[in-house]
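Read the structure below first, then the notes.
Read the figures in this text as sums done on the coordinates, not as results from a lab. The model shown is predicted, which means the values in this text are computed figures rather than measured ones. In this analysis, Cβ positions are derived from the backbone assuming ideal geometry, glycine residues included, and neighbour counts consider all displayed protein chains.
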Amino acid sequence: MVTPWNLENSNMALSGNTQKAVGQEELDDVLEVLRDGVRGYTQLGEEIGAERRLFVEKMATRRRRNLDTVVSAAAELGYEIEDHGSLGGAFRRGWTKVREALEGDESAMHEVLAEDSRTLEVIDEALGSHIPDELAEVLRGAREDIERDVEMVRASIR
């Protein structure tokens, strides 16, 4: 099994006097956007109109499953797991709430598309880095789920 600390596979970088797994920053970014997605969808599910509530709650559940799967795979490979979302995610969740109040559910769903597009970009960056194959496989699975959700959101606002 390739781990982030396996020197033979060049998966370790030195940062000052500390060792840092190659791909750790990219993994941190992925975990951050996945956590933001869980929080965002959960919050939106509590506030959105009844006709979209179940749909959004299912998306929150899928994001939680994706996050749990990525965390589990990364921890098994020896990556450090931090437990926090981003300040930017908190800001965007607040903006989505304001926009939904002013413009309605459809506007909030447009914000969801923007956030999911950002999540896909972050996952793509991680997949383009030197992460172990086992983690890349898990990220590809999460990416596929998010792509399906994006298509469902697009269909719901056409």
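Brief remarks on what is shown
- Computed extension length for Leu120-Ile157: 11.3 nm, one decimal, from 0.36 nm per residue of separation with the Cα-Cα distance subtracted.
- Working from label points 7 Å from Cα in the Cα-to-Cβ sense, the Glu57 to Glu144 distance is 2.7 nm.
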